[in-house]
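I have placed the structure first, in the form of structure tokens, so that the comments after it can refer back to it.
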């Protein structure tokens, strides 16, 4: 009888397989409620269209907001929408539902599974509608680029995507940190939605802010970095790589902070059945 131990699957392959299974479950769930899936996409598209109309109304009375022209702001709003929708597709539902996992005791079961609990808590649900709405944002950005006579290089497009990932990481890290407050408050949805309301700030040109508010929304809650830096890269408005490095640094700092708070919270968690 062969007693040679079976080789363990490498952890990247193992987690990729788990995530693929979570995707399949999300697709099945969404297809089971097709009307809700389509309705939510329509609502998000209408909200996006309303924001674009609002920009049009503003620029009926002015030619510039600071140094930003109408189509440059449209590009910024599109970039912000793209980042927000990808974040919403991958993380938002999971962050919102975390307090329910704590309240109902389902988190206890997840902690017993032989895998990273944060991975499962953060990625177990995928909102497929967010990808559709993210694609619509790219269409708007493409139209704005055409109006501005821009032809981004492959390097600019790659850099834009990487900076968008950094922005998504900032949103996820801060919202996951706020979700972890549920270990003490049980219900943290109000705090999470309070942070979500700050997303609208990311759609505004950073040049419109001065003094304390610019510093606060750059370093404390880095909303002005999330969409402004990627959009500026495509618009050729970056004078130096400093802003890109700052965005990447803030993304790493926010993730480390959220991980430290997560571990601190777990050490003080006594389970729902205690």
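Here are a few things to note about the model shown:
- Residue check for residue 238: touching a helix residue (DSSP H, G or I) at 6+ places or on another chain (Cβ under 6 Å) and at pLDDT 90 or above: yes
- Screening 265, 258, 271 for residues that are touching a helix residue (DSSP H, G or I) at 6+ places or on another chain (Cβ under 8 Å) and on the phi > 0 side of the Ramachandran plot leaves exactly one candidate, 271.
- The residues of the range 30-64 that are over 20 Å from residue 81 (Cα atoms) and touching a residue at least 24 places away in the same chain (Cβ under 8 Å) amount to a single one, 30.
- Every residue from the range 210-248 that is on the phi < 0 side of the Ramachandran plot, in a loop (DSSP other than H, G, I, E, B) and more than 20 Å from the chain's Cα centre (by Cα): 210, 237, 238, 239, 240, 241
- Test: residue 137 is modelled with pLDDT under 90 and in contact with a helix residue (DSSP H, G or I) (Cβ under 7 Å, 6 or more places away or on another chain): no
- Residues of the range 144-156 satisfying the condition of being assigned to a helix (DSSP H, G or I), farther than 19 Å from residue 225 by Cβ and in contact (Cβ under 8 Å) with a residue 60 or more places away in the chain: 144, 145, 147
- Residue 125 passes every criterion in (1) at pLDDT below 95; (2) assigned to a helix (DSSP H, G or I); (3) within 30 Å of residue 48 (Cα to Cα) apart from (2).
- Check on residue 205, buried (at least 16 other Cβ atoms within 10 Å of the Cβ), touching a residue at least 12 places away in the same chain (Cβ under 8 Å) and touching a strand residue (DSSP E or B) at 6+ places or on another chain (Cβ under 7 Å): yes
- Among (1) surrounded by 14 or more Cβ atoms within 10 Å (Cβ to Cβ); (2) touching a residue at least 12 places away in the same chain (Cβ under 8 Å); (3) closer than 30 Å to residue 147 by Cβ, the one test that residue 258 misses: (3)
- Residue match in the range 237-254 (condition: under 30 Å from residue 104 (Cβ atoms) and surrounded by 11 or more Cβ atoms within 10 Å (Cβ to Cβ)): yes
The values are calculated or read from the model by the stated rules, or taken from the named source; none is laboratory data. Just so we're clear, the structure is a prediction, and the values are computed from it rather than from any experiment. A quick note on method: Cβ atoms are made from the backbone with ideal geometry, for glycine too, and the neighbour counts reach across all protein chains shown.
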